[in-house]
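Before any comments, here is the structure.
The values are calculated or read from the model by the stated rules, or taken from the named source; none is laboratory data. Remember, predicted model here, so these are calculated numbers, not experimental data. Note: ideal-geometry Cβ built from the backbone for every residue, glycine included; neighbour counts use all protein chains shown.
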Amino acid sequence: MNALFEALQRHARENPQRVALDDGSRQLRYGQLAAEVDKLAAQLEFLCVDTLALYADNGIGWIITDLAAMSAGVRCVPLPRFFSDAQLRHVLRDSGADTLLADDDRLAELPGWQREPQAVCGCGWRLSRRQEASSVQLPRGTQKITYTSGTTGEPKGVCLSAASQLAVAASLARASDARADDRHLCVLPLSTLLENIGGVYAPLLAGATICVPRQAEVGMGGAAQLDVQRLLGALHATRASSAILVPQLLLALVAAGEMGAPRPPQLRFVAVGGAPVSQRLLERAQRLGLPVHEGYGLSESASVVALNTPDATRAGSVGKPLPHLSLRFADDGEILVRGSGFLGYCGQPAPAQNDGWIATGDLGHLDDDGYLHLDGRKKSIFITAFGRNVAPEWVERELTQHLAIANAAVFGEGRPWNVAVIVPRALPGVDAQTAVAAAVAAANRELPDYARVQRWLIAGEAFTPDNGLLTSNGRVRRAAVAARYGERLDTLYLETST
């Protein structure tokens, strides 16, 4: 029995009436949770499930299913609801899933799959089975396969053991000082590894309450839609003490707070990650009294690698490495991580053994006090015609911390100055072109001359995972943006710089 299930049994024994899960209309207490998990685990074993694909909205059922799969030794493949139909079919094929559990009919007509008549533990979800056995070979010890969008449209399956996930969860519980009286609000989809581990496993280890309403009830729609009033309402209504946000969600909360929206009073720890965060945005959040702490991680290390905490924080850094990890740096500054590493990718040969060190693709350094600082992506840094190295993520952080700019992609390889493709944010009664111009000018005032954006163009549509311009965790697919807007960007260099 692993540490998570030992903790669940201890909480059930010592505090059976404490609420473990709360979806807004139903509560499940610790005395009930273990029994529900055991019941579903037994059913998965009876059905001889090998690899379970889970497609469902946030809720109590999602968490029970995930825990039951781990308990039964079944591999779990969370399916992001914001993936396209083609991406979902790819995941099912690539992972070798033999069973699909879904809470709606979106995947009802899959070639080669058959709907089964039985309900799973009475939840009424749709159970489908693959009709022919899969030949996919997975790394030994794989318990979860999390899919992350890379540089192509096909998501990549990262194979993780239960031990690696729980090592991160235990470190996060300690770093955030998770405790039994916490109420964690799940804002991100549970299919996101960060929410799965940081928002479910870590609170359960501490015996806390997890508030897990449907995504629409926290204002989330798809991968990039947000109703900030619903999010604020959920934070207040659930009396949330902790939450995990991506930078765009933090920006929306900060903007609302600066316009007079009341701060959720119980909040004590908000982790922000998934993409680079502007330091000035963090400063604005702190002025509002939001307890925001930036972190850094990657799926190959089972999510979080480093995190600022109330007791150990440094502006401009992503915090100190979690205690179960080791860091070192390649000669070019690339961050290498060891500890809680992944087992390999689906459909690819096992990663070359390098004493357990994982190359992150990120450049960074540790300061004298052990805080990790990010210096950009190894593959995205460009060199201007004047020989200056520019990490585009840095410039994009400065641009997108302004409310008028929803997203941006910056370019300048071999050029005398930089250009950008900008996605404006729709603001009532505000001309987008004028607002973006003011935002770019304000960002440029905070940047050195070699990093400033001299010319820019408005994108024809938002960057989203569906159109291939954004990864599922919110990172810009720079090559895809360049391919779509390259000719128009070239014409910007025919203009005279200012």
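Only one residue in 194, 190 is hydrophobic (A, V, I, L, M, F, W, C), within 21 Å of residue 26 (Cβ to Cβ) and within 11 Å of the chain's Cα centre (by Cα). Which one?
None of the others qualify; the one that does is 190.
Please go through segment 204-237 and pick out each residue that is buried (at least 24 other Cβ atoms within 10 Å of the Cβ), under 17 Å from the mean Cα position of the chain (by Cα) and assigned to a helix (DSSP H, G or I).
Residue satisfying the conditions is 218 alone.
Would you mind telling me which numbered condition in (1) farther than 20 Å from residue 404 by Cβ; (2) surrounded by fewer than 21 Cβ atoms within 10 Å (Cβ to Cβ); (3) in contact with a strand residue (DSSP E or B) (Cβ under 8 Å, 6 or more places away or on another chain) residue 477 fails?
Condition (2) is where residue 477 drops out.
Return the only residue of 387, 376 being touching a strand residue (DSSP E or B) at 6+ places or on another chain (Cβ under 7 Å), at pLDDT below 85 and at positive phi.
376
Considering only segment 391-498, give the helices (runs of 4 or more DSSP H) lying wholly within it that have at least 3 residues that are within 21 Å of residue 249 (Cα to Cα) and at pLDDT 90 or above.
Per the criteria, 392-400, 432-445.
Considering (1) of a type outside the set (Lys, Arg); (2) buried (at least 20 other Cβ atoms within 10 Å of the Cβ); (3) in contact with an Asp or Glu (Cβ under 8 Å, 6 or more places away or on another chain), say which one residue 112 fails and leave the rest.
(2)
In the list 138, 166, 127, which residue meets the criterion of being out of contact with any Gly (no Cβ under 9 Å at 6 or more places or on another chain), surrounded by 19 or more Cβ atoms within 10 Å (Cβ to Cβ) and farther than 26 Å from residue 246 by Cβ?
Among 138, 166, 127, only 127 is out of contact with any Gly (no Cβ under 9 Å at 6 or more places or on another chain), surrounded by 19 or more Cβ atoms within 10 Å (Cβ to Cβ) and farther than 26 Å from residue 246 by Cβ.
Please work out if residue 269 is touching a residue at least 40 places away in the same chain (Cβ under 8 Å), of a type in the set (Phe, Trp, Tyr) and under 24 Å from residue 138 (Cβ atoms).
Against the criterion (touching a residue at least 40 places away in the same chain (Cβ under 8 Å), of a type in the set (Phe, Trp, Tyr) and under 24 Å from residue 138 (Cβ atoms)), residue 269 does not qualify.
Just give me the residues in segment 264-286 being within 13 Å of residue 400 (Cα to Cα) and not basic (Lys, Arg), in sequence order.
If we filter segment 264-286 for residues that are within 13 Å of residue 400 (Cα to Cα), which is where we start, we get 275-282.
Those that are within 13 Å of residue 400 (Cα to Cα) and not basic (Lys, Arg): 275, 276, 277, 278, 279, 281, 282.
Which helices (runs of 4 or more DSSP H) does segment 1-73 wholly contain that include 2 or more residues that are over 25 Å from the mean Cα position of the chain (by Cα) and among the aliphatic types (A, V, I, L, M)?
Because the criterion is at least 2 residues that are over 25 Å from the mean Cα position of the chain (by Cα) and among the aliphatic types (A, V, I, L, M), the helices (runs of 4 or more DSSP H) in segment 1-73 that meet it are 3-14, 30-46.
Given the criteria crowded, with 22+ Cβ neighbours inside 10 Å and on the phi > 0 side of the Ramachandran plot, does residue 302 qualify?
For residue 302, the condition - crowded, with 22+ Cβ neighbours inside 10 Å and on the phi > 0 side of the Ramachandran plot - is met.
Mind listing whichever residues of segment 411-465 are within 30 Å of residue 88 (Cβ to Cβ), surrounded by 13 or more Cβ atoms within 10 Å (Cβ to Cβ) and of a type in the set (A, V, I, L, M)?
The answer is 421, 423, 459, 462.
Could you please give the count of residues in segment 74-95 that are closer than 27 Å to residue 1 by Cβ and over 18 Å from the mean Cα position of the chain (by Cα)?
The number of residues fulfilling the criteria is 3.
Does residue 75 satisfy being of a type in the set (D, E, K, R), closer than 23 Å to residue 145 by Cα and either touching a residue at least 24 places away in the same chain (Cβ under 8 Å) or surrounded by fewer than 20 Cβ atoms within 10 Å (Cβ to Cβ) (or both)?
Answer is yes for this residue.
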